[in-house]
1. In a strand (DSSP E or B) and out of contact with any Asp or Glu (no Cβ under 9 Å at 6 or more places or on another chain), is that true of THR205?
2. Please go through the stretch 72-99 and pick out each residue that is polar (S, T, N, Q) and in a loop (DSSP other than H, G, I, E, B).
3. Scan the stretch 178-196 residue by residue and report those that are under 14 Å from TYR291 (Cα atoms) and of a type in the set (Asp, Glu).
4. If you scan the stretch 212-241, which residues turn out to be in contact with a strand residue (DSSP E or B) (Cβ under 7 Å, 6 or more places away or on another chain), farther than 14 Å from LEU254 by Cα and assigned to a loop (DSSP other than H, G, I, E, B)?
5. If you go through the stretch 365-376 one residue at a time, do you hit one that is closer than 17 Å to ILE151 by Cβ and aromatic (Phe, Trp, Tyr)?
6. Which helices (runs of 4 or more DSSP H) does the stretch 283-388 wholly contain that include 3 or more residues that are in the same structural domain as LEU230 (by TED's automatic domain parsing) and charged (D, E, K, R)?
7. Give me the residue from the stretch 311-327 that is out of contact with any strand residue (DSSP E or B) (no Cβ under 6 Å at 6 or more places or on another chain) and either touching a residue at least 60 places away in the same chain (Cβ under 8 Å) or surrounded by fewer than 17 Cβ atoms within 10 Å (Cβ to Cβ) (or both) and, out of that set, nearest to SER240 (Cα to Cα).
Amino acid sequence: MKIAIIGAGASGLVAAIKCKEKFPEYEVFLFDRMDAVARKVKATGNGKCNIGNLDSSFERYLHSSFVSRILKDYDQETTLLSLGIPTKTMYGSGLYPVSESASNVVTLLEERARLLGVNIILNTRLSEYCLGDGKINLFFDKYQAKFDKVIFSVGGKSNPNLGSDGSLFEVFRRHSYLVADLTPGLCPIRVKEDVKALFGQRFHTMASLFIDGQFVHEEYGEVMFKKDGLSGIVIMNLSSMIAHKKTNDAKIYLAALNQKNEIVTAKNLFEISKKNHNPLLAYVGEELAAYICKTADISADHELSYEECQKLANIAAAIPFTYLDRYDFSFSQVTIGGIAIENLSADLSSKVEDGVYFIGEVIDVDGPCGGYNLRWAIGSALHLVNHF
């Protein structure tokens, strides 16, 4: 049996390793267009590699019922340990390698694959494939070859400089696959408000999302200001929620909190204003204080009235930002969209073509920041091989 795996990211590497462990007699070839494997993995978790999440619920994934069926038997810690990666939990339920090194994780996976006899072929791009005479003929930029089965683990379009550029989705469409629209997920957003004066500022806040005037979600985390918008894990999660709703009518409200994580009240500000003209400086940075005053149309150059303090407190409790659009794929951590789950059987084999399989981000599944997407990538690869 000759197996081709297209895409040497997390899902492709794990699929190759587990396939050779289960079927050592198989010839397994792992192809990638880049000059190194798993370049995107090396960037995860700010280099610490947030490789999974122990959250027992699957509700935070798109198509959660489908994901639940695929991941329900995936024992993350045991599987990763079997790959030579002992883990620990950090930041709540986030799963990280004990080494806290994404680079080490990639090295361990690549070495394991090579030791098992996986043929890793880099700098090679697939342009087309066809089925005939019980084989799958793959057409690469340098040559063509026939295989018994092919596993597509090519990712989406996010961070194309790290590997996945979405070039095969047009090929999949030509092969009659339904492909859900591809959209950047987990990325910064642009807002209509002028936030240039806040560029580079960051603070921890409760961020609330309203879509079409209705409350959708709130989440606590650090927000960072860009020249034209907002970033940070909490904003990235909200950006994906907006994308899933397929709307641009969204507003985000950020609560400016004090050190005790309590909402700033008018009474707090009024008491401080008796001693200092700009009472917001007791709670937030100078730039953010100035922005709140500007939003409230209040000049903090005098002892403020209680009514002015009330207006500042109301805005500080929910600073409004109007969604304009998302940053593009080069800034996104995951792709929303991909091969529709309707195209796939329970074992992740294609319903359209015999001997073709899909795993990882190429499928129309995505989750929030925090290891959810690597959990899906690795768990889907394990599920496929377990049902080979």
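The values are calculated or read from the model by the stated rules, or taken from the named source; none is laboratory data. The shown structure was predicted, so the numbers you read here are calculated from the model rather than taken from an experiment. Cβ atoms come from the backbone with ideal geometry, glycine included; neighbour counts cover every protein chain shown.
1. Values: in a strand (DSSP E or B): yes; out of contact with any Asp or Glu (no Cβ under 9 Å at 6 or more places or on another chain): no.
So THR205 does not fit the description; no.
2. Of all residues in the stretch 72-99, those polar (S, T, N, Q) come to 76, 78-79, 82, 87, 89, 93, 99.
Across the stretch 72-99, the qualifying residues are SER93, SER99.
3. Taking the stretch 178-196 and keeping what is under 14 Å from TYR291 (Cα atoms), we get 193-196.
Hits for the stretch 178-196 are GLU193, ASP194.
4. Selection gives ASP228 alone.
5. Within the stretch 365-376, the subset closer than 17 Å to ILE151 by Cβ is 365, 376.
Add one more test, that the residue is aromatic (Phe, Trp, Tyr), and what stays is 376.
Yes, the stretch 365-376 contains at least one residue that is closer than 17 Å to ILE151 by Cβ and aromatic (Phe, Trp, Tyr).
6. Numbers: elements: 286-296, 306-317, 372-386.
Hits in the stretch 283-388: 286-296, 306-317.
7. First, the residues of the stretch 311-327 that are out of contact with any strand residue (DSSP E or B) (no Cβ under 6 Å at 6 or more places or on another chain): 311-315, 327.
Now restrict to residues that are either touching a residue at least 60 places away in the same chain (Cβ under 8 Å) or surrounded by fewer than 17 Cβ atoms within 10 Å (Cβ to Cβ) (or both): 314, 327.
Values: ASN314: 28, TYR327: 11 Å.
Among them, the one singled out is TYR327.
For (1) in contact with a Leu (Cβ under 6 Å, 6 or more places away or on another chain); (2) modelled with pLDDT of 95 or more; (3) surrounded by fewer than 20 Cβ atoms within 10 Å (Cβ to Cβ); (4) in the same structural domain as GLY371 (by TED's automatic domain parsing), each residue gets a yes or a no:
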site: GLU222; (1), (2), (3), (4): no, no, yes, no
site: LYS227; (1), (2), (3), (4): no, yes, yes, no
site: SER231; (1), (2), (3), (4): no, yes, yes, no
site: MET236; (1), (2), (3), (4): yes, yes, no, no
site: SER239; (1), (2), (3), (4): no, yes, no, no
site: ALA250; (1), (2), (3), (4): no, yes, no, no
site: ALA256; (1), (2), (3), (4): no, no, no, no
site: LYS260; (1), (2), (3), (4): no, no, yes, no
